[in-house]
1. Could you give each residue of region 297-305 its phi-based ³J(HN,Hα) in whole Hz, using Karplus coefficients 6.51, -1.76, 1.60 with θ = phi - 60°, and x for Gly or Pro?
2. Search the structure for amide H atoms under 5 Å from the amide H of R264, placed 1.01 Å from N in the peptide plane, and list their residues when 5 or more places away or on another chain.
3. Just A167, A143, A157 to compare: in a GNM of the chain, with alpha carbon springs under 10 Å, which one fluctuates most?
4. Among A185, A281, A352, which one moves the most in a GNM of the chain with springs linking Cα atoms closer than 10 Å?
5. Given the peptides 261-268, 62-69, arrange them by the average over their residues of other C-beta atoms within 10 Å, most packed first.
6. Quote the charge dipole size of the chain about the Cα centre in Debye, to the nearest 20; the model charges only the Cβ of Lys and Arg (+1) and of Asp and Glu (-1).
7. Under a GNM of the chain (C-alpha, springs under 10 Å), which listed residue has the highest mean-square fluctuation: L117, L397, L32?
8. Select one label from (1) 23.2, 87; (2) 21.7, 82; (3) 20.5, 62: the one whose number is Rg and Dmax of the Cα atoms in Å as derived from the coordinates shown.
Amino acid sequence: MTVALEYVCDDCARPFGLDRPETTCKACGGLLEVRYDLDALPRDFRERAAAGRPMAMWRWRALLPLPDGAVQVSLGEGDTPLLRCDRLAGQLGVGKLWLKNDAQMPTGSFKDRGFSLAVSMAVALGARRGLTYSSGNAGASLAAYAARANIDVVVLADYLCNPVKLAAIRAYGAHVFRVRSRSTAEVFKALEHLGSEAPYSFVNFLNPVRHEAMKTYAYEICEALGWRAPDVMVHPVGTGGGLYGAWKGFSELYELGWTETVPRMIGVQPSGCAPIVMAVADGASFAGPAGDPSATIAQSIAGGSPIKGGRRVLAAIRRSGGTAVAVSDDEIRRAMALVAGEGVLAEPSAAAPVAALGRCLAEGKIRPNEEVVCVITGSGLKQPTELASTVPAAPPLELNADAAEIAQALASVWPVAT
């Protein structure tokens with residue numbers, strides 16, 4: 001049984017029931033937050049979630065707002081690997097480094113956590129249509145889960161959306177429109193208007209349940225670490241739903257007494273488009289429009305104007321004692337190669353947290369003895385052109401299918417001892 005109680009507006013604290021589709025506060029337009037009665041959680045819930053249920057995000061259903069008895073729309077999301085990377089830690093100078101590899105999610109990105117929950121809620125509340133705006137990953141995720149649930153969806157794809165991501169969205173059967181804009185602020189203004197008007201329910205960061213699923217990052221990470229929080233969590237930031245949701249999860253675990261600490265949250269953005277980084281540096285509580293989304297290879301986090309000024313993600317960063325860092329495209333490409341050396345293919349946005357580590361260490365934002373988790377949010381196969389740019393320039397040697405010729409080539413790699 002879920003221990004979720006209601007939605008509460010961030011700005012005016014007005015409550016709303018969980019039994020109707022909601023997007024933003026009808027009184028003031030503020031973002032809605034799910035409130036829980038954590039005291040109602042059964043005492044043995046943690047043990048039962050760990051041992052008595054299939055390994056997936058939905059082990060933690062009681063801490064998610066899906067109504068009791070509702071069907072879970074699932075493709076097997078969650079419980080992705082937490083990989084200890086001692087060699088990479090040594091290369092970068094970090095005390096202990098883990099990669100949370102959400103590139104292994106069903107559609108290849110962390111967005112699957114949020115859309116599994118959002119589509120499940122939509123089905124439970126009788127919705128038969130869905131709408132989202134996306135640079136690619138969110139659109140593919142919504143399209144996949146909507147196909148699973150037999151819901152008709154429209155994806156408003158950003159004009160910078162690359163062909164591979166666009167093809168995936170269409171393959172899942174979604175209706176697709178490409179949207180041009182002068183800024184992301186212009187897009188969000190239009191979508192916020194649509195989200196306030198029936199029959200549209202905007203299922204991006206305005207949706208009040210998507211980031212709730214991101215809490216499961218925190219649960220999985222702390223469980224894997226023996227119910228201990230890392231010192232630092234580094235997460236790429238576009239709208240900020242992943243970082244904010246993870247922070248809410250870590251905070252809940254601390255409130256429940258399952259962990260003794262919470263991590264510092266470090267958000268990472270591309271240097272060409274870094275409004276959250278600028279707001280943190282300026283001590284501002286509101287991130288205004290900044291940068292050019294077309295000026296970076298990190299498409300998934302190239303958001304020049306955060307929804308509602310990014311107030312939630314800024315609050316999470318500050319309450320945790322964290323910070324935000326900007327990285328260049330060259331740093332991101334180097335990080336993609338480093339991560340691949342650990343057996344993980346990361347798209348540019350997903351490699352950005354690793355790109356930020358060197359700078360964070362140099363500036364004292366991470367100490368050399370600390371334990372760090374970087375979230376790999378998307379597969380490198382989503383941007384194959386950028387992936388190809390990280391590999392050696394020389395093409396592979398071409399051989400004939402001849403044993404002697406192949407043996408000679410092998411000897412150039414593994415010389416025979418004399």
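1. 7, 7, 4, 5, 10, 8, x, x, 8
2. V232, M233
3. Fluctuation is largest for A167.
4. Its mean-square fluctuation being the largest, the pick is A281.
5. On the way: 261-268: 24.5, 62-69: 18.0.
My ranking of the peptides, most packed first, is 261-268, 62-69.
6. Values: 41 positive and 42 negative charges, 130 e Å.
The dipole of the chain has a size of about 620 debye.
7. Evaluated over the chain, the most mobile residue of the options is L397.
8. (2)
Bear in mind these aren't lab numbers, they're just calculated from the coordinates by the rules spelled out. Treat the numbers as computed from the prediction; the structure is a model and nothing was measured. Using ideal geometry, Cβ is built from the backbone for each residue, glycine included, and neighbour counts are taken over all protein chains shown.
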